[in-house]
Amino acid sequence: MTSCSLKAQDDRLVVGIAGRIGAGKTSAAKYISSTYSFQYLRYSEVLGAWLAAESDSKAELQTIGWEVMEKGLQSELNRRLIQQIGPDTSAVIDGLRHPLDYTSLNSAFLPAFRLIFLDAPLKTRWDHVKGRDRHSTFEEFSAADSHSVEQQIELLRPHASITIKNESSLSDLYTNMHAAIEFFRKEGHP
C-alpha cells in the first residue's frame, strides 16, 4: 500500500461511509485513513465518549443511539463529531446512520464532503461479521440489523456520491475505495 496525502486546501476531502451492519464501513474507512492519511472518526466512538457509554456492547450503543435520535439530539452528536475534524484536514467518517448526519456534514464541509454508501446482501454481511464476537448467532445479527437505529440508513442511499456493492474480497473493497477517492479528486469540487 502506498501512502498518499492530500495537503492542498483545494484537495481537502471529507468522506462519509454509510451502510448496514457488516457492509464493510469500518474496513473501508480504515483503508482510506491509512492509505491517504485521512483523519479517522467513528460515530459510535463519538457517541460513547459523549455519553460515557464505555461499552463494547454494540446492542447497548444501538439503544443509546436510538435514544439520541428519538430525543432529537442527533444534531448535537453531529456537532461534537464535526468539532473533532481538524481544520484543512481530510477526514473519513465511519458509520453515518441518519439523514441528519449527511445534512450536517454536507453543510459543514461543502464543497469537500462526499458520501459513499456500501451495499451488500444480508448473507454477505452476516459472513463479514460472524465469528467476531459482536454477533455470535444469525439471530443476534438479524436483531441488531433490524434495530430501530439502523432503519434510517437506507434514507442515505439517494445522497451518496457513489454506491459500492461489497460482495467480494477485502482486496476488491480496497480497490473500490481507491477508485472512489481518485474519482473525487478528479471531479474536483463544485
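Just so you know, all these numbers are worked out from the coordinates, no wet-lab data involved. For clarity, every value in this text was computed on a predicted model and none was experimentally measured. Because the Cβ atoms are built from the backbone with ideal geometry, glycine has one as well, and the counts that use them run over all protein chains shown.
Which FRET efficiency value, to the nearest 0.05, is calculated for R80 and F183 with the Förster distance at 30 angstrom and r the Cβ-Cβ distance?
Values: r = 30 Å, r/R0 = 0.99.
Efficiency, from the Cβ-Cβ distance: 0.50.
Counting other beta carbons within 10 Å of each residue's own, what order do W126, W50 fall into, fewest first?
On the way: W126 18, W50 15.
With the fewest neighbours first, W126, W50 line up as W50, W126.
Working out 0.36 nm times the residue gap between H159 and E45, then minus their Cα-Cα distance, what length gain in nm do you get to one decimal? Each step should come with its number before you reach the end.
On the way: separation 114, 0.36 × 114 = 41.04 nm, distance 2.35 nm.
Roughly 38.7 nm would be gained on extension.
Compute the length gained on full extension between S169 and A108: take 0.36 nm times their separation in residues and subtract their Cα-Cα distance, giving the result in nm to one decimal.
Numbers: separation 61, 0.36 × 61 = 21.96 nm, distance 3.37 nm.
Full extension of this stretch gives 18.6 nm more.
Report, in listed order, any pair from K25/K123; K30/K130; K30/K123; K25/K186 with a Cα-Cα distance greater than 18 Å. Could you put the intermediate results ahead of the total?
Numbers: K25/K123 16 Å; K30/K130 20 Å; K30/K123 23 Å; K25/K186 23 Å.
Beyond 18 Å between Cα atoms: K30/K130; K30/K123; K25/K186.
Starting with the fewest neighbours, write out R79, R125, R97 ranked by other beta-carbon atoms found within 10 Å of each beta-carbon. It would help to have the intermediate numbers written out before the result.
Values: R79 13, R125 22, R97 26.
Going from sparsest to densest Cβ surroundings: R79, R125, R97.
For each of K30, K186, K25, count neighbouring Cβ atoms within 10 Å of the residue's Cβ, then give the residues from fewest to most.
Details: K30 17, K186 7, K25 26.
So the residues, fewest neighbours to most, are K186, K30, K25.
For Cα pairs less than 8 Å apart in space and 6+ apart in sequence, what is the mean separation divided by the residue count of the range 10-185, i.e. the relative contact order in percent?
It rounds to 36 percent for the range 10-185.
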